[in-house]
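Here is the structure we will look at.
Any read-out appearing in this document is the output of simple, stated calculations on the displayed coordinates, not a laboratory observation. All values reported here derive from a predicted model rather than from experimental measurement. Cβ placement follows ideal geometry from the backbone for every residue including glycine, while neighbour counts extend to all protein chains displayed.
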Amino acid sequence: MEKDTINDWKRLSSKVVYDNAWISVFHEDVINPNGGKSIYGRVHFKNVAIGILPVDEDGNTWLVGQSRYPLGIYTWEIPEGGGPLDEDLLLSAKRELAEEIGMEADYWEVIQEADLSNSATDERTVIFLATGLRPTASVSQDETERLLVKKVSMQTFFDMVDSGEIRDALSVLAALRYRLLKSTR
């Protein structure tokens, strides 16, 4: 193995300084790759970020609008949620699609996996393409959500990403990946 491909950080100590149902924050004393002592703040996520790009037979998708507390803004994004680390990610995706837009899908495909903000967190995402859509009977949103849902053409979705109106990482990844898939299939 080449020296450049080895993770040569060394953890000397680790202490949880904050913990809740979604994250743990660690303060860690480390030896950095150049041999110096450093400290590191690391956020461990207790869920996988799940994104779903629902696409109907007419080439439309659904976007979810909501206020995002950390940013202090209202955003439009693909249906998203957290999948517990010990749960089948497809089950998480199916639940999120039903909860957020009231739909279920016949066909599911993982189209992208990524690490989000890997300089400070271990959060990862899995993005699914969902097709063969139909309404589902029951929808119950999370207590912390007040969502608006709108159906848009894929071109409108792409335009919103291209213009920067949509900046959510999962939504941008989904748009880029779907565009690439459509050009190669």
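Under 26 Å between C-alpha atoms is the cut-off here; go through the chain and count lysine pairs that meet it, provided they're at least eight residues apart or on different chains.
Close lysine pairs under the 26 Å cut-off: 11.
Give, in nm to one decimal, the length gained when the segment between W9 and E165 is fully stretched (0.36 nm per residue of separation minus the Cα-Cα distance).
Details: separation 156, 0.36 × 156 = 56.16 nm, distance 3.78 nm.
The span from W9 to E165 would gain 52.4 nm if fully extended.
Where the eigenvalues come from the Cα gyration tensor of segment 3-45, what are the semi-axes √(5λ) of the equivalent ellipsoid, largest first, in whole Å?
Details: eigenvalues 111, 29, 7 Å².
Each semi-axis is √(5λ); the values are 24, 12, 6 Å.
Treat every Asp and Glu Cβ in the chain as -1 and every Lys and Arg Cβ as +1, leave all other atoms uncharged, and give the resulting dipole magnitude about the Cα centre to the nearest 20 debye. Before the final figure, lay out the partial values.
Working: 20 positive and 31 negative charges, 89 e Å.
Roughly 420 debye, rounded to the nearest 20.
Rounded to the nearest 0.05, what FRET efficiency do L90 and E57 give with R0 = 25 Å and r taken as the Cβ-Cβ distance? Could you check? Numbers along the way, then the final one.
On the way: r = 21 Å, r/R0 = 0.86.
Using R0 = 25 Å, I get an efficiency of 0.70.
Could you order peptides 111-119, 78-86 by the average number of other Cβ atoms within 10 Å of their residues, highest first? Walk me through the numbers before you get to the answer.
Details: 111-119: 13.1, 78-86: 18.2.
In descending order of packing, they fall as 78-86, 111-119.
For the chain, with a Gaussian network of springs between Cα atoms less than 10 Å apart, report the residue from I73, I39, I23 with the top mean-square fluctuation.
I73
Relative contact order of segment 3-45: what whole-number percent is it, with Cα pairs under 8 angstrom and at least 6 residues apart?
Working: 75 pairs, mean separation 14.7, N = 43.
It comes to 34 percent, rounded to a whole number.
How long are the semi-axes of the equivalent ellipsoid of segment 28-82, defined as square roots of 5 times the Cα gyration tensor eigenvalues? Whole Å, largest first. Display every interim value, and only then the final one.
Values: eigenvalues 295, 46, 20 Å².
Taking √(5λ) for each eigenvalue gives 38, 15, 10 Å, largest first.
Compute the length gained on full extension between D19 and L147: take 0.36 nm times their separation in residues and subtract their Cα-Cα distance, giving the result in nm to one decimal. Write down the numbers at each step before the final one.
Numbers: separation 128, 0.36 × 128 = 46.08 nm, distance 2.69 nm.
Here the answer is 43.4 nm.
Using a/c under 1.5 as the rounded threshold, could you call the chain rounded, prolate or oblate? The axes a ≥ b ≥ c are square roots of the C-alpha gyration tensor eigenvalues, and prolate needs a/b larger than b/c, oblate otherwise.
prolate
Shape call for segment 17-114 from the C-alpha gyration tensor, a ≥ b ≥ c root eigenvalues: rounded (a/c under 1.5), prolate (a/b greater than b/c) or oblate? Can you show the working numbers first?
Working: a/c = 2.50, a/b = 2.14, b/c = 1.17.
The shape class here is prolate.
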